[in-house]
Amino acid sequence: MTKSRLLKYALLGIAAALIAHYLIKKEEKPKGHPRDYAEIAAEGIIHASTEYNSISFYVDDDTLSGFHYELIEAFARDHGLQAAISPEMSFNKRLEGLADGQYDVIAYGILATSELKDSLLLTTPIVLNKQVLVQRKEIGENDSLYIRTQLDLAQRTLHVVKGSPSILRIQNLGNEIGDTIYIKEIDKYGSEQLISMVAHGDIDYAVCDESIALAAADSLPQIDINTAISFTQFYSWAVSKQSPALLDSLNTWLDKFQKEEEYQKIYKKYYDKE
């Protein structure tokens, strides 16, 4: 990887970190234990973590935007709370922050794997999504790097965000095709950075949510995202197992809010732009 590209990806990570500091510097929360709704209501602030990307949470000029950002802000507003948003690129660090009480909720689409169901409480489904392979477009019929079917994934190395639930799916896919698919977990970068690395030839393959890949494809026409890694599945938010009342509050609100016009506008803004 060239130094200029390394610098570019590093700057993306630094930008996300600076935004996180800017958003929560007045409301920093010491590590402790997971809180339930009563403690959150008493403080008047709900601490949420999400990923910095063009679907979940981002800064557009001087405006904060993103599907999960707008949703948690609406929840906070309707419950007389403030939302302190912390963008965190590492999936594992989001889980750690939830476990030690730094965050009250992971406001980001999480795939309901059996492992995560054992350790987290997941909300009612928020969006439908699936995992896709990100690669560069085919260059002629003899392009040996181009993946045409899932069978072609044998002996290839796929890059994913460290701790991503997609890892289990890739392992199962390896069993289904009867061969090894190698997985390289990346801790420093989020999905959009991995997509950019594929586009610029620094890595050959990445796996990420289709919604993020579709958004990136608008500005990176050299990428191909047509090979599905998983079926379309429901994605949810997550809270600690020590926060059942918070889960109930979120679910009650989501069940009502998803039927309202405001939710439909937010959804179409990020997932149904056409």
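Annotations for the structure displayed:
- Hits in the range 234-274 - residues which are outside any strand (DSSP E or B) and within 30 Å of Ile147 (Cα to Cα): Tyr270, Tyr271, Asp272, Lys273, Glu274
- Every pair of residues 6+ apart whose Cβ atoms lie under 6 Å, when the first sits in the range 169-185 and is closer than 15 Å to Leu133 by Cα while the second is part of a helix (DSSP H, G or I): Ile181/Leu153; Ile181/Ile170; Ile181/Gly174; Ile183/Ile167; Ile183/Ile170
- Every residue from the range 153-199 that is buried (at least 16 other Cβ atoms within 10 Å of the Cβ), farther than 23 Å from Gln233 by Cα and more than 20 Å from the chain's Cα centre (by Cα): Arg156
- Count of the range 90-109 residues which are assigned to a loop (DSSP other than H, G, I, E, B) and either touching a helix residue (DSSP H, G or I) at 6+ places or on another chain (Cβ under 6 Å) or surrounded by fewer than 17 Cβ atoms within 10 Å (Cβ to Cβ) (or both): 3
- Considering Ala42, Ala15, Ala10, the condition of being open to solvent by 80 Å² or more (accessible area, probe 1.4 Å) and either at pLDDT 80 or above or under 21 Å from Ala216 (Cα atoms) (or both) is satisfied by Ala42 alone.
- Selection count, the range 248-273, where residues are open to solvent by 60 Å² or more (accessible area, probe 1.4 Å) and aromatic (Phe, Trp, Tyr): 1
The values are calculated or read from the model by the stated rules, or taken from the named source; none is laboratory data. From a predicted model like this one, the values you see are computed outputs, not experimental measurements. Using ideal geometry, Cβ is built from the backbone for each residue, glycine included, and neighbour counts are taken over all protein chains shown. Each accessible area value is taken on the protein alone, full model and side chains, heavy atoms only, with ligands, DNA and RNA left out. Shrake-Rupley method; radii C 1.70, N 1.55, O 1.52, S 1.80 Å.
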